[in-house]
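Structure, as structure tokens:
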Amino acid sequence: MWKQFLSKLPRKSSASGDSGQCSNGTGIQRTTSCGSIPPGRPASAIRRMSSAVFPSSVVAGIEPLVSFKDVPNSEKQNLFVSKLSLCCVVFDFSDPNKSSVEKDIKRQALLDLIEFVESSSARFSEAAIAACARMCAINLFRAFPPNYRSGSSGGGEGDEDEPMFDPAWCHLQLVYELLLKFIGSSSLDAKVGKRHFDHSFIVKLLNLLDSEDPRERDCLKTILHRIYGKFMVHRPFIRKAVSNIFYQFVFETDRHNGIAELLEVFGSVISGFALPLKEEHKIFLWRVLIPLHKPKSVGLYLQQLTYCVTQFLEKDPKLASSVIIGLLRYWPITNCQKEVMFLSEIEEILESTSQAEFQKCMVPLFRRIARCITSSHFQVAERALFVWNNDHIISLIAQNRQSIMPLIVPALEQNIQNHWNQAVLNLTMNVKKMFSEMDEDLFSSCLDKYKEDEEKRASLEVKRKLTWEKLESAAAFQPVTGHTAILVGHQLSANMIATLI
């Protein structure tokens with residue numbers, strides 16, 4: 001049938017449209033690469049063509065390509081529904097030359113719809129709301145192709161693959177723009193709209209955030225935020241649905257393309273939480289945001305994640321100690337890049353931490369920082385020592401130096417004696433000087449204790465070495481039987497040691 005319709009139509013010029021972009025003022029960049037209706041073709045001819053190009057069931061009722069300016073106000077809602085019905089036809093964009101005329105007609109219809117929503121002052125009827133929700137669902141909700149990239153886990157720090165762009169974006173972006181403006185329009189009654197933009201619609205919209213096209217994720221981020229603000233009744237469901245996406249990412253799949261965008265939305269959501277914080281919100285912090293530090297791809301969304309955590313601490317500073325202990329639980333022992341990131345986040349959290357909360361977590365925290373100071377990876381050691389450049393943290397350390405200095409001084413001395421990097425050595429000397437000036441007596445006692453412990457350790461090492469030499473000497477004179485372990489090099493089996501002892 002489509003071929004019969006097309007055989008009656010003149011061919012579209014291959015030079016239609018350009019490849020530029022124009023901003024529409026909504027944060028969505030509108031591309032024009034799909035072409036537009038050829039300027040040489042009269043609008044009346046296009047209108048006559050629509051009934052041949054699109055099935056009659058699609059354009060039933062008022063002629064869909066009539067301009068909104070050409071119909072009375074009483075008919076504009078009907079024309080709006082008719083244009084939405086026309087746009088329910090989805091085209092194949094894998095071949096850019098296929099159905100080019102129909103694609104142009106649909107694009108123009110979408111542009112008309114966007115302009116109408118922007119300028120409309122009358123309330124949208126329920127039929128119009130239902131038609132808009134249906135058209136958006138038909139165009140947007142689709143299954144993504146399987147991810148063919150090997151070893152993909154939501155992207156790592158070294159992931160340099162180019163993002164994949166959807167070839168249908170020139171239509172999809174207009175649908176997203178229409179949805180954004182429709183949801184944000186004052187002509188949309190939230191009490192009626194919530195029945196059509198329901199839980200099923202929201203879940204499918206959230207699933208689209210796994211798109212590999214960053215432009216689509218950016219649009220979805222804005223729309224999700226608008227829906228959360230418009231339909232208050234859906235807010236608990238949205239929070240629960242997003243939490244489930246995070247749970248699945250952290251504990252099951254370890255890959256999702258839209259974690260950063262979801263966290264960006266929740267950053268503004270958290271900032272709007274009422275005080276005192278509900279237990280539900282605190283659970284979201286402990287069970288969702290803190291475990292999100294676990295995946296190896298945390299670097300891709302750490303900025304948004306840190307913002308969400310600090311928003312919680314601004315709301316309730318008493319959460320600081322539990323957040324720091326949670327971070328220590330997920331500390332990346334073998335991943336130096338993540339360690340540097342964690343140290344940066346710890347410093348940002350400590351900037352807003354009170355004295356009382358600091359005292360609850362300072363001992364395990366500075367044990368970990370001491371290990372970082374002695375790290376053979378110079379960036380980890382350097383970042384740990386940079387903590388002493390923060391005036392607020394120095395103030396916290398000074399007030400609790402009796403507990404912190406005994407933990408840090410041994411690490412500083414080990415660095416001075418053993419570290420290979422000159423920059424780390426210089427920073428270590430600076431921190432050592434700072435401690436000495438802070439409390440010279442305490443520093444001296446810590447230094448003496450370290451030297452005493454080192455002497456004991458050296459003495460134990462000598463005794464251990466002598467013990468092994470005696471065991472090896474005794475083993476050399478022990479007759480070898482069928483059940484006697486054999487000495488290989490300088491290592492003895494447990495059985496031989498037990499026999500000799």
Next on the checklist: I need the phi-derived Karplus couplings for the range 238-248: 6.51 cos²θ - 1.76 cosθ + 1.60, θ = phi - 60°, integer Hz, Gly and Pro marked x.
Outcome noted: 4, 4, 5, 5, 5, 4, 5, 5, 5, 4, 4
Next on the checklist: Net charge within 11 Å of Leu396 by Cβ-Cβ distance, Lys/Arg positive one each and Asp/Glu negative one each, not counting Leu396 itself?
Outcome noted: -2
Checklist entry - Looking at the square roots a ≥ b ≥ c of the eigenvalues of the Cα gyration tensor of the range 389-447, which shape do they give, rounded for a/c under 1.5, prolate if a/b is larger than b/c, or oblate? => result oblate
Next on the checklist: Which lysines, if any, have their Cα less than 30 Å from the Cα of Lys456, not counting same-chain residues under 8 positions apart?
Outcome noted: Lys432, Lys433, Lys465, Lys470
Checklist entry - How much of the accessible area of the range 190-238, probe 1.4 Å, is carbon plus sulfur, in whole percent? => result 57 percent
Next on the checklist: I'd like the carbon and sulfur percentage of the solvent accessible area for the range 298-419, probe radius 1.4 Å, heavy atoms only, ligands and nucleic acids excluded.
Outcome noted: 47 percent
Checklist entry - Which ³J(HN,Hα) values, rounded to whole Hz and listed in residue order, are derived for the range 372-379 from phi using the Karplus coefficients 6.51, -1.76 and 1.60 in 6.51 cos²θ - 1.76 cosθ + 1.60 with θ = phi - 60°, glycine and proline given as x? => result 5, 4, 8, 5, 6, 7, 4, 5
Checklist outcome for this item: For the range 347-439, the per residue accessible area (1.4 Å probe, Å²) is 45 Å²
Next on the checklist: Among 113-121, 186-194, how do they line up by average Cβ neighbours within 10 Å per residue, starting with the highest?
Outcome noted: 113-121, 186-194
Checklist entry - To two decimal places, what compactness ratio does the range 250-404 give when its Cα radius of gyration is scaled by 2.2 N^0.38 Å? => result 1.04
Checklist entry - Cα-Cα over 19 Å: which of Lys83/Lys103; Lys181/Lys230; Lys103/Lys204; Lys318/Lys360; Lys278/Lys318? => result Lys103/Lys204
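The values are calculated or read from the model by the stated rules, or taken from the named source; none is laboratory data. Note that this is a predicted model, so its numbers are computed, not measured. Virtual Cβ from ideal backbone geometry, glycine too; neighbours counted across all protein chains shown. Each accessible area value is taken on the protein alone, full model and side chains, heavy atoms only, with ligands, DNA and RNA left out. Shrake-Rupley method; radii C 1.70, N 1.55, O 1.52, S 1.80 Å.
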